[in-house]
Structures are given as C-alpha cells and as structure tokens.
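What follows is a set of notes on a single structure, which appears directly below.
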Amino acid sequence: MERRRLRIGFIAVAVWLLSSLALAADGDEAHGPIKGSVVARKILPSGKVELAPVPDVVVYLAKPLTTEVVVPLDPVVVSVRGVMLTPFHSVVVAGQMLRIEPADQQEAYNFRVESEAEMPFGELIKPGVWERRPAGPVDLAIISCSIHPVVEGYVTVVPSNLFTRTNEQGEFTLPGTYGPGKYLVVAQHASLGRKRAIVRRQVNSRETKVQIELPGSIDSQR
C-alpha cells in the first residue's frame, strides 16, 4: 500500500512538473520580436516605379508597453560645426535632455526647434549650449537657426526606449519581445514622411514581420 502511495505521488509530481514546463514553453513561444522593413516608391529612368528599401528611418512603438518608462540619463547631443548638424535626424525619449552644442563657441547661433505639436522647445539667442527636455512625443521637429538660414536638422521625440533605425537594407527589429495582440508602429523619415502601421501578433508566432511604405518618393528627397 505504501509503495502504491509513493508511486502515485511520484506520478503526480511528474505530471505537475511536465505541465509547468509546457506552460513555460508556451509562454516563451507566445512572445517574440517585431521585425520588418521600410520601403518607398522609386522612379526608375525608364519611368517604371519600384519599391526600394529606405535606410536610417526611425521606427518606434507608438505607445509604451508599461506606464513606467525609463528615461535615459545621458543627453542626446547634436553637434553643430559651421552649418552642419550631426546627427541630421536625432531621436530623444520624452523627458530626456536634448542638447544642441556648437563646436565653435565663438560663432553666434539663434537655434529654434519647432513642431506642429503645441509644445514649444524654446530658443537660444547667444553662443553656447541649447538644452531642453521635451515632455511629450513629437513625430518630427525642425531645428533651424535665424542667423544661419541654411542650418537645418530634425528631431523625433519617442514615448519610450522601444525604438530603432533601419539598416542599409531598410530592415529593423524593435527592442524587446511582444505577446499576442495589436501594436501601433510608427516609421518616420525626415524627407519621406511618416507612416503608421498596425502589427498583429498571433498566438505562438515566434516573430512578426511587417512592411511599411512611406508616403514620399525617393526621387523627391531634398
């Protein structure tokens, strides 16, 4: 009788352990990355139109997965040398410091960062460093200078760290893993415009891929 009880107990423990492992495996399989590519129309010399990959596109999740967003402590620095801004298109997490820093402190600049959103970035009318912490997401803001009209750059303020840029092949992989559901992904390019896409992740899909076509044409880039 005692052996029978021990055998039943062993079987019960084994079944529980196998069930737990199966549930854990299912949970792992239910989460996966969001991958994709960004393309735009390109007019060939023959007049035909084809879809071509677009590198250096900012791709981000429109809404954070949690209410607690970790804001990077280090600032995003835009370096100004003469009339050139580096990087040309910056990305800042909402609440992170954006710094525009002239390489030549003897040169006078009147920097201004403007966007369609009702969120003024302010301005600096003297030599030195321009710093602001944008409070909310902005699809695309323009960096300009009234003293040097040819100075131009762009900044996108994203809601969280879940953003990336496309590589030379126009491909991207968003940071993190995502469970089943719908996700709103935004692709933003300084010249080719913005496009939003709904990504649907199915149960037990290891990864989800999406192709996003920007509204602009490559031949119309400035």
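Worth a mention:
- Segment LYS42-VAL70, extension gain: residue separation times 0.36 nm, minus the distance between their alpha carbons: 6.2 nm
- Theoretical gain in end-to-end length, ALA135 to THR173 [0.36 nm per residue, Cα-Cα removed]: 11.1 nm
Each reported figure results from applying straightforward, stated rules to the coordinates on display, with no laboratory input. Since the model is a prediction, treat every value here as computed from it, not as a measurement.
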